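Visitor: Starting off with a structure, shown below.
The values are calculated or read from the model by the stated rules, or taken from the named source; none is laboratory data. Owing to the predicted nature of the structure, the values given are computational and were not obtained by experimental measurement. Ideal geometry is used to build each Cβ from the backbone, glycine not excepted, and the neighbour counts take in all protein chains shown.
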Amino acid sequence: MKFLIATLLLMTSVQAKFVAPTIPQENSRRCFEKVCSGLSRHECNDRDEVRRVMDACTRQLDLRCIDLAKSKLSSYEYNELNEVLEIVKSCQYVNSNSVYMMQSRLSSYEINDLNEVVRLNDAAYLVQPNCYKQATRHLRSFDIDDLSEVRDIALMCQGTFDSYCYRTYCSRSHDCNDVNEVKNVLRRCVHGPSPQDRRRL
């Protein structure tokens with residue numbers, strides 16, 4: 001039986017590959033409008049600033065990531081173009097549902113400045129919500145209650161998640177209830193982008 005499971009997993013791993021998420025076409029325009037409407041009138045009004053905003057607004061899976069980031073900050077931390085663009089860039093290829101789950105594990109003082117918010121978003125790059133949800137399902141709350149611990153799990157989820165593979169290794173409630181065990185399984189069950197994939201993203 002174990003040989004059969006191992007064979008099936010090997011076949012799955014050979015066939016599985018990274019699949020890039022699809023970016024909704026309208027998100028670039030909506031992001032541009034969102035960013036510029038929140039800034040003072042003298043910003044977003046010259047060619048260089050417009051180019052920088054448009055560049056940051058590419059590759060936005062959903063704009064809720066930006067809202068979630070701002071919700072953790074005081075308004076004075078994102079009242080200039082450079083600060084806003086730092087947030088927006090950190091949301092490229094980020095699913096806001098993953099960010100929401102990561103934030104929900106943390107106390108407010110863990111992510112209450114711009115650098116911490118950007119670090120969390122950077123770790124959520126290409127993370128599918130189901131990967132993070134499955135990976136943390138059986139972990140104890142104190143295993144993932146600070147920013148570094150949350151980031152460590154998220155970084156292992158960067159790519160295309162094979163849920164069948166994960167369920168096979170973690171079929172029982174007492175399986176995958178240790179951080180190191182979870183990381184080992186994620187190494188087998190998450191297919192990250194190749195160097196060629198990264199150039200295309």
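Visitor: Quick one: what pairs do we get from the range 172-201, first residue under 17 Å from residue 156 (Cβ atoms) and aliphatic (A, V, I, L, M), second modelled with pLDDT under 95 and surrounded by 14 or more Cβ atoms within 10 Å (Cβ to Cβ), C-beta under 7 Å, 6+ apart or different chains?
Guide: Listed pairs, sorted by first residue: 179/139; 179/143; 182/139; 182/176; 185/169; 185/170; 185/176.
Visitor: Let me ask something else. Counting just the residues of the range 37-76 that are crowded, with 19+ Cβ neighbours inside 10 Å and not in a loop (DSSP other than H, G, I, E, B), which one comes out farthest from the chain's Cα centre (by Cα)?
Guide: Taking the candidates together, the pick is 53.
Visitor: Any residue at all in the range 166-181 that is hydroxyl-bearing (Ser, Thr, Tyr), within 17 Å of the chain's Cα centre (by Cα) and either under 15 Å from residue 18 (Cβ atoms) or modelled with pLDDT of 95 or more (or both)?
Guide: No - not one qualifying residue is present in the range 166-181.
Visitor: Quick one: in the range 154-165, of everything that is without any contact (Cβ under 8 Å) to a residue 60 or more places away in the chain and surrounded by fewer than 20 Cβ atoms within 10 Å (Cβ to Cβ), which residue is farthest from the chain's Cα centre (by Cα)?
Guide: 163
Visitor: Let me ask something else about it. Keeping to the range 103-129, report how many residues are under 9 Å from the mean Cα position of the chain (by Cα) and either of a type in the set (A, V, I, L, M) or assigned to a helix (DSSP H, G or I) (or both).
Guide: 8
Visitor: Any residue that is within 25 Å of residue 106 (Cβ to Cβ), out of contact with any Ser or Thr (no Cβ under 9 Å at 6 or more places or on another chain) and either assigned by TED's automatic domain parsing to the domain that holds residue 96 or outside any helix (DSSP H, G or I) (or both) - is there at least one of those in the range 145-158?
Guide: Taking every residue of the range 145-158 in turn, at least one turns out to be within 25 Å of residue 106 (Cβ to Cβ), out of contact with any Ser or Thr (no Cβ under 9 Å at 6 or more places or on another chain) and either assigned by TED's automatic domain parsing to the domain that holds residue 96 or outside any helix (DSSP H, G or I) (or both).
Visitor: For the range 159-201, give me the residue count where each residue is of a type outside the set (Asp, Glu) and in a helix (DSSP H, G or I).
Guide: Matching residues across the range 159-201 total 22.
Visitor: Which residue pairs have Cβ atoms under 8 Å apart, sit 6 or more places apart or on different chains, and have a first residue in the range 89-104 that is surrounded by 19 or more Cβ atoms within 10 Å (Cβ to Cβ) and a second that is in a strand (DSSP E or B) and modelled with pLDDT under 95?
Guide: From residues that are surrounded by 19 or more Cβ atoms within 10 Å (Cβ to Cβ), there are no pairs.
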